[in-house]
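The values are calculated or read from the model by the stated rules, or taken from the named source; none is laboratory data. Small disclaimer: the values here were computed from a predicted structure and weren't measured. Cβ placement follows ideal geometry from the backbone for every residue including glycine, while neighbour counts extend to all protein chains displayed. SASA here: full protein model, heavy atoms, side chains in, ligands and nucleic acids out. Shrake-Rupley method; radii C 1.70, N 1.55, O 1.52, S 1.80 Å.
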Amino acid sequence: MRHVVLFHSVYGLRPAVRAAADRLRAAGHQVSTPDLYGVPAADTVEEGFALLDKVGQEVVLDRARQALTDLPPETVLAGFSMGAGVAGALLAERPDAGGLLLLHGTGGAPDAVRSGLPVQLHLAHPDPYDTPDEVDEWQQAMTDAGADLTVFRYPGVGHLFTDPEAGEYSPAASAATWPRVLAFLAAP
């Protein structure tokens, strides 16, 4: 059993995030899904970016930090898209994190990685927010820093391919993602 904090995408705390948390809970994990905006989720990505601008990146990061206050140091940091970036940004402050689980976006700076840190990335290929060259550079830097990194790229799907409410939802790619996530969380 792992403690996992699962940060939402730029849309906000949508049903897909809650469903993912329920899936992880059903596998025996304790999962927190903080609302980093404090307002209802957006319906479009443009509205989501407007919410992020209104709330502010620093407030989002402060709320993410607050969500971690009572969680054990070995909590797995996880996130969807923007939330992957939030999880990665907090890695430097959580050196004992049990892992970094990145869905739909890269996150984490190589200088925050401890040797052997489990990191798993699930990303569309190509992805509109992380170009293949950027992902390759990030992957090399994380590996060079000592991360135990596994990258899964899903060809021909859209950015939020695990979100049934998103226009780019891919049932096949989503079905491939979740067993890999569960195996990642089950690893010692």
Would you please report the Å³ per residue occupied by the convex hull of the alpha carbon atoms in the range 1-92?
-> 81
Would you calculate, for the chain, the mean residue ellipticity at 222 nm contributed by helices, counting each DSSP H stretch of 4 or more residues as -39,500 (n - 2.57) and dividing by all residues, to the nearest 500?
-> -12000 deg cm²/dmol
Carbon and sulfur %, accessible surface of the range 70-148 computed with the full protein complex present, 1.4 Å | 49
Glu137 - accessible surface, heavy atoms, 1.4 Å probe, Å² rounded to 10 | 130
Provide Rg and Dmax in Å for the chain, with only Cα atoms included in the calculation.
-> 15.0, 40
Counting only heavy atoms of the protein chains, get the accessible area per residue of the chain (1.4 Å probe) and round it to a whole Å² value.
-> 44
If you take the charge dipole of the range 127-188 about its Cα centre, with +1 on Lys and Arg Cβ and -1 on Asp and Glu Cβ, which of Gly158, Gln140, Leu182 is farthest toward its positive end?
-> Leu182
Toward the positive end of the charge dipole of the chain, about the Cα centre and with charges on Cβ (Lys, Arg +1; Asp, Glu -1), which of Ala78, Ala19, Ala109 goes farthest?
-> Ala19
The range 100-171: radius of gyration and largest Cα-Cα distance (Dmax), Å = 12.6, 38
Using a Förster distance of 22 angstrom, determine the FRET efficiency expected from the C-beta separation of Val59 and Arg23, and round it to 0.05.
-> 0.20
Hey, got the dipole for the chain? About the Cα centre, +1 on K and R Cβ, -1 on D and E Cβ, debye to the nearest 20?
-> 740
